[in-house]
Structure formats: C-alpha cells, structure tokens
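Okay, structure first, notes after.
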Amino acid sequence: KAWNVLALDGSNWQRIDLFDFQRDIEGRVVENISKRCGGFLRKLSLRGCQGVGDNALRTFAQNCRNIEVLNLNGCTKITDATCTSLSKFCFKLRHLDLASCTSITNLSLKALSEGCPLLEQLYISWCDQVTKDGIQALVRGCGGLKALFLKGCTQLEDEALKYIGAHCPELVTLNLQTCLQITDDGLITICRGCHKLQSLCASGCCNITDAILNALGQNCPRLRILEVARCSQLTDVGFTTLARNCHELEKMDLEECVQITDSTLIQLSIHCPRLQVLSLSHCELITDDGIRHLGNGACAHDRLEVIELDNCPLITDASLEHLKSCHSLERIELYDCQQITRAGIKRLRTHLPNIKVHAYFAPVTPPPSVGGSRQRFCRCCIIL
C-alpha cells in the first residue's frame with residue numbers, strides 16, 4: 001500500500017518519457033497522466049505517439065500549467081488547436097518540439113508568440129506550411145529564442161531570416177537544412193544580428209556563396225558547428241576567412257563542397273585547434289598533401305575524432321600514414337577511395353588499434369566465367 005501511494009503521488013512524476021510505449025499511448029492515457037501529475041509535471045515526451053490528438057493535449061495543457069519541456073515530435077494528429085491550448089495555459093514553456101507535425105501552420109507560431117514568451121527552443125522541422133509570416137509573428141513575442149530548427153520548411157525565404165536576425169540576439173543554434181529558397185541576403189542578416197551563434201546548418205541551401213563564410217567570420221567568432229553539405233558554390237577563399245576568425249570550430253560538414261582544395265585543410269590545420277569531426281566526402285580535389293597538413297595540425301593529436309573521405313579519388317595510403325599521429329581518431333570513412341588498399345588500412349590500425357574504418361574494395365582478381373558468361377560481383381563492404 002505504501003508503494004502504491006508513492007506510485008500515485010504526482011510529485012514523483014516530474015519527468016515522463018513515453019517514447020518506448022508510443023504504440024500503446026492514446027489520448028486518454030495523456031489525460032489521466034495530466035490529472036494525476038498536475039502542476040508537478042515539468043517535462044513530457046510523447047515523441048512518436050501518433051494516437052494523441054488535440055483534445056487530449058487541451059486537457060493536458062489545462063492540468064499541467066508548469067510544463068517546461070514538451071516533445072510532440074511525430075504526433076501527426078495534432079493541429080494548430082494544440083498550440084492554442086499551450087498558449088492559453090502553459091506560459092512557462094521553454095522547449096517545444098513539433099517536428100514532423102505537418103498540420104502546423106502560421107497560426108501555431110502566432111499563438112506561441114502570444115502565450116509562451118519564455119520559449120527558448122523550438123523545433124518545427126518538416127512543418128512545410130510555415131512561411132515568413134509565421135516566423136515574423138513568432139520572433140516578435142519570443143525574442144529569447146536560443147535554438148530554432150527549420151529543417152525542411154521549404155516555403156521559407158530570406159525575409160523570414162531577416163525577422164530572426166532583427167529580433168533574436170540570443171540565438172545559438174539555427175538549422176535551415178534543405179530550405180532551398182534561402183540565399184546570401186537572409187543568412188548575412190542572421191550573422192549580423194546573432195553574434196552568439198554557435199551552430200549553423202545550411203546543408204542543401206545551394207544558393208549560398210562565400211559571402212556567408214565571410215559574414216560568419218566577421219560576426220560569429222563563437223561558431224562551433226558548421227554544416228554546409230551540397231553547397232557547391234563555396235570555395236577556399238571563404239573557408240580561409242572563416243578559419244582565420246572562428247577558432248572554436250569543432251564540427252564541419254563540407255560534403256560535396258566540390259570547389260575546395262588542400263588550401264582549406266591547410267587553414268583549418270593552422271587556425272582551428274578544436275576540430276573534432278570533419279566531413280570531406282565527395283570533395284574530389286582533396287589530396288594527400290591536404291591530409292598531411294591536417295595530420296600535423298593543432299587538432300590532430302588530441303581532438304580529431306572523425307574524418308570522412310568518401311569518394312575522394314586522389315586520396316591514397318599516404319593519407320593514412322599522415323593520420324597515424326591522430327591518437328583521438330575513432331572513425332574514418334573511405335568508401336570509393338579507389339587508391340586506398342587493405343594493406344594501408346592494416347598499417348593504420350597498428351598505430352590506432354581501436355579505430356573503425358569503413359571502406360569497400362573491388363575484387364582483387366577478375367570474377368570467373370560461368371557457362372560462358374561472366375558472373376557479376378558487387379563490391380565488398382567492410383568495417384575494420
């Protein structure tokens with residue numbers, strides 16, 4: 001009986017994560033939890049609970065007015081009505097995840113702006129009905145935003161970023177992946193207005209140029225994470241400015257930045273001693289010399305953990321020799337690096353026995369003929 005009393009005591013249920021039970025969670029379960037926990041509940045995750053809808057969350061908002069962190073990622077039944085309920089009753093809300101809630105529109109952002117002034121982190125990735133009007137309404141009431149995830153919000157234009165740059169000086173993290181309409185104009189406004197920016201993802205924003213890298217270097221010295229995969233207009237000139245000004249860089253995704261050469265690696269090796277993760281996949285101009293500078297750089301011995309070199313055709317076993325001194329290296333990707341050999345990988349592992357090497361190799365000998373026709377063999381995928 002004593003255990004039962006404790007189990008039903010709402011003060012013991014301040015943080016609840018129902019992700020592991022998502023298939024069994026329906027609206028009535030959320031309603032019962034809210035009635036039991038009431039004002040004690042501070043954090044609730046309903047990630048992936050597709051059976052939960054607006055009615056249950058209205059009851060939840062009325063009963064759990066002290067909620068601070070709410071994860072509704074993948075709750076595809078909810079609509080703007082849920083954000084209206086949160087706006088009316090949950091003014092302490094700081095962290096809200098609405099990613100993949102595709103019925104969410106600008107009305108939700110307007111409601112959050114009016115009722116949740118303490119909001120610091122908002123995830124609306126893949127909410128593709130959101131436009132610049134919703135962003136404008138949001139930032140006017142939630143100027144303390146520190147993290148904003150807009151991945152896959154394909155209707156967003158530069159005007160939306162100008163509102164963010166003007167009203168969110170505390171912004172630390174911004175994700176704009178695959179926001180295809182974004183150009184230099186919008187991102188430059190972000191750089192000039194958000195000097196505390198530490199993480200920027202603009203992967204797939206194929207219209208941006210070196211002007212963005214220059215703006216980041218001049219305005220955002222605290223930058224730690226930069227993801228610009230598939231931004232093929234970026235060059236060594238921009239990355240030189242960035243490296244010389246942003247010395248705290250830890251993670252860089254430069255996949256398919258096809259114009260960069262060893263010059264970029266030289267600058268990173270000199271100016272970025274904290275670099276931990278670097279993706280250079282499909283950067284076909286990178287050679288062993290660039291990897292040599294990286295292996296001798298300030299980050300090499302104690303910091304560099306992951307390097308991705310898939311589809312870098314000029315890379316040979318010499319690059320692996322240059323990476324032997326990277327004692328923190330945990331993983332290296334070498335898919336379709338046709339000049340890398342098994343022997344080279346084996347020599348690397350004698351120096352770094354715990355490293356994971358992902359690569360594949362074509363058959364060493366021609367496949368045998370069967371019945372007068374040659375058999376087809378796929379390449380062998382290995383993890384060493």
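The values are calculated or read from the model by the stated rules, or taken from the named source; none is laboratory data. Not measured: the values here are computed from a predicted model. Heads up, the Cβs are rebuilt from the backbone with ideal geometry, glycines too, and the neighbour counts pull from every protein chain shown. Only protein heavy atoms, including side chains, enter the accessible area calculation; ligands, DNA and RNA are left aside. Shrake-Rupley method; radii C 1.70, N 1.55, O 1.52, S 1.80 Å.
Its Cα centre serving as origin, the range 128-168 has a Cβ charge dipole (Lys and Arg +1, Asp and Glu -1) of approximately 220 debye. Within the accessible area of the range 253-321, the carbon and sulfur atoms contribute 45%, probe 1.4 Å, all protein chains present. Helix content alone sets the calculated 222 nm mean residue ellipticity of the chain: runs of n ≥ 4 DSSP H residues at -39500 (n - 2.57) each, divided across all residues, give -10000 deg cm²/dmol. For ILE190, what charge total do you get from the other residues with a beta carbon under 15 Å from its beta carbon, if Lys and Arg give +1 and Asp and Glu give -1? After counting each charged neighbour, the total is -1. When you restrict to C-alpha pairs under 8 Å that are six or more residues apart and normalise by the size of the range 110-177, the relative contact order lands at 37 percent. Database remark: amide H of LYS356 closer than 5 angstrom to the amide H of ARG331, ILE332 (H placed geometrically; neighbours at sequence offset of 5 or more, or on other chains; Pro and chain starts carry no H).
Only the Cβ atoms of Lys and Arg (+1) and of Asp and Glu (-1) were treated as charged; on that basis the dipole of the chain about its Cα centre amounts to roughly 1360 debye.
For every other residue with a beta carbon closer than 9 angstrom to the beta carbon of ASN66, add +1 if it is Lys or Arg and -1 if Asp or Glu, then tell me the sum. Counting the neighbours of ASN66, the net charge comes to +2. Annotation for the range 341-355 versus the range 166-237: alpha-carbon center distance of 37 Å.
A cut-off under 15 angstrom between Cβ atoms defines the neighbours of LEU216, and their net charge, with Lys, Arg +1 and Asp, Glu -1, is -1. Considering the dipole of the range 119-230 built from charges on the beta carbon (Lys and Arg +1, Asp and Glu -1) around the Cα centre, which of LEU223, THR183, GLY141 is farthest to its positive end? So the residue we want is LEU223. Contact order for the chain, expressed relative to its length and based on alpha carbon pairs under 8 Å spaced 6+ residues apart, stands at 7 percent.
Of all DSSP-defined beta bridges confined to the chain, some 15% are antiparallel rather than parallel. Taking the charge dipole of the range 252-298 about its Cα centre, with +1 at Lys and Arg Cβ atoms and -1 at Asp and Glu Cβ atoms, the residue from ILE286, PRO273, CYS257 reaching farthest to the positive side is PRO273.
Centre-to-centre, using Cα atoms only, the range 10-31 and the range 126-152 are separated by 28 Å. Entry note, the range 217-260: relative contact order of 58 percent, from Cα contacts under 8 Å with a spacing of 6+ residues. Rounded to the nearest 20, the size of the Cβ-charge dipole of the range 166-325 about its Cα centre is 640 debye, with Lys and Arg at +1 and Asp and Glu at -1.
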